[in-house]
Amino acid sequence: MDLRVVLILLSGVFVVVAQDNWSQDCVPSFCLCKRYEVHCEMPKDANAGMTYYEFAEKICAKRGGSLANLVDAHIDSMVRAFIAGEGLDGPPCINKPTWGFFIGLTDAASEGTYVWNNGIEICGNGFTNWAPGEPNNNTKKDKDGQDCVQLWYRRGYDGLWDDEYCNFRPKGFICEIPNHCCCSEAPN
Ligand SMILES: [Ca+2]
Ligand SMILES: [Ca+2]
């Protein structure tokens, strides 16, 4: 894969809508063979009958993919660069105090053992990009701690990773959609 190739498919306007009318149009995204979609903060009532993290997973699945697996430095940096370049790293896309985007990384099954949606467990020298002091499994707002990872945009962390509560705050989220973009269509 030519890593220089980045095809910006869609960008721009973001509209936060009610869960039942979740917009599937005009979603900022870019492609590295897979398509990475940046979804802005979900509605506060999105967790009816499920956690906010499950809601994010559901929307990504509906769109033919999953929460994004940022398994290496290149993908991680490209996603964060896209978010910054499109101005999605603050209001109105994500808002204080919730700002952040869920990604497909969780330690819900076993505390401290982080596994990507695609089943890859982070171990050894596996790529991570944690914010300073994270993951801390904070139990202040939930006795079960924090098991769902976000790209964090507080305190100038610029999308460094933080373990977040799975169901305390509505969040934005990043989907990856396989086989949606054809590499051969990308410009050289
Ligand atoms: Ca945890
Ligand atoms: Ca944390």
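Considering only residues in the range 115-157 that are within 21 Å of E41 (Cα to Cα) and among the basic types (K, R), the one that is nearest to the chain's Cα centre (by Cα) turns out to be R154.
Just one residue in the set N137, N129, N118 is over 21 Å from Y36 (Cβ atoms) and not aromatic (F, W, Y); that residue is N137. Among the residues of the range 99-116, those that are of a type in the set (G, A, S) and either near ligand 1 (Cβ under 8 Å from one of its atoms) or in contact (Cβ under 8 Å) with a residue 24 or more places away in the chain (or both) comprise G100, G104, A108, G112.
Number of residues in the range 149-168 that are of a type in the set (S, T, Y) and surrounded by fewer than 24 Cβ atoms within 10 Å (Cβ to Cβ) equals 2. Counting just the residues of the range 122-138 that are more than 10 Å from ligand 2 (Cβ to nearest atom) and exposed (fewer than 12 other Cβ atoms within 10 Å of the Cβ), which one comes out modelled with the highest pLDDT? Ranking the qualifying residues of the range 122-138, first place goes to P132.
Among residues of the range 32-79 being within 13 Å of the chain's Cα centre (by Cα) and of a type in the set (S, T, Y), the one that is surrounded by the fewest Cβ atoms within 10 Å (Cβ to Cβ) is S77.
The values are calculated or read from the model by the stated rules, or taken from the named source; none is laboratory data. This one's a predicted model, so the numbers in the text were calculated from it and none came from an experiment. Because the Cβ atoms are built from the backbone with ideal geometry, glycine has one as well, and the counts that use them run over all protein chains shown.
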